[in-house]
1. How many residues are within 12 Å of the chain's Cα centre (by Cα) and open to solvent by 60 Å² or more (accessible area, probe 1.4 Å) if we restrict to segment A:11-28?
2. Before we move on, is B:Asp3 more than 19 Å from A:Gly19 (Cα to Cα), modelled with pLDDT under 90 and not aromatic (Phe, Trp, Tyr)?
3. Step by step: first the residues of segment B:39-59, then only those that are over 20 Å from A:Ile66 (Cβ atoms) and either open to solvent by less than 10 Å² (accessible area, probe 1.4 Å) or out of contact with any Phe, Trp or Tyr (no Cβ under 9 Å at 6 or more places or on another chain) (or both), then the one that is modelled with the lowest pLDDT. Which residue is that?
4. Looking only at segment B:72-90, count how many residues are open to solvent by 90 Å² or more (accessible area, probe 1.4 Å) and in contact with a helix residue (DSSP H, G or I) (Cβ under 8 Å, 6 or more places away or on another chain).
5. If only one of B:Ala16, B:Ala2 is free of Cβ contacts under 8 Å to residues at least 60 places away in the same chain and either in contact with a Leu (Cβ under 7 Å, 6 or more places away or on another chain) or open to solvent by 30 Å² or more (accessible area, probe 1.4 Å) (or both), which one is it?
6. Quick one: which of A:Thr60, A:Thr77 is without any contact (Cβ under 8 Å) to a residue 24 or more places away in the chain and surrounded by fewer than 18 Cβ atoms within 10 Å (Cβ to Cβ)?
Amino acid sequence: MTVLGMALISGGVFFLVTGAVGMVRFPDIYTRMHAAGKCDTLGSLLVMTGLACHDGFVLTSAKLLIAAGFILVTSPTATHAIARAARQSGVEAWTAEGNR
Amino acid sequence: MADTFFLGAALAILAAAMLSLYRVIRGPSIIDRIVGVNVIGTKTIAVIVLTGHLFGRAELFIDIALLYALINFIGALALSRYFERKGVDVTSERAR
């Protein structure tokens, strides 16, 4: 169980880091949001479930899974709200042929 | 052995948070900064839970992480609602 936990945590860390790198390198708001929102949710989900597996069957892992479920619901909604705000205030998406 | 692994994971996530901090500082428009803050928020949740396990008081830190997730979510919604009405002026220069 602990080995599985560690594997999940390293996967989570991998996604968190790639999300951050994606946020820096992408040219446009929407692409950055795309990278950051998804990798972040999955990354923290994996870290939390990894820690829950590491702990075995105790109260803390139940709380961890509840927190992970909460993040699974709220983080995409928050990113959606931000994307909607950008869209409403007229931010155009980045197009490839505009700036080679 | 587990503790050093948690410590390494927490430090890696903090380094990733520094990267998104760069986006918060550099971001040409307000929306980039909101996304950056939101990303740093979710990353700090993972760091809080990891340090909770490092310090041995996992229950306490999970509650803190849950609270932090709540506040981060509410903050992101409030910011996006405000800037939706106020409008965003995207400067033309492309952040490389």
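The values are calculated or read from the model by the stated rules, or taken from the named source; none is laboratory data. This is a predicted model, so every value here is computed, not measured. Positions of Cβ are backbone-derived with ideal geometry, glycine not excepted, and every protein chain shown enters the neighbour counts. Accessible surface is based on the protein model in full, side chains and every heavy atom, while ligands, DNA and RNA are left aside. Shrake-Rupley method; radii C 1.70, N 1.55, O 1.52, S 1.80 Å.
1. Selection size over segment A:11-28: 2.
2. Taking the combined requirement at face value, the residue satisfies it.
3. B:Gly56
4. The number of residues fulfilling the criteria is 1.
5. B:Ala16
6. Just a single option satisfies the conditions, and that option is A:Thr77.
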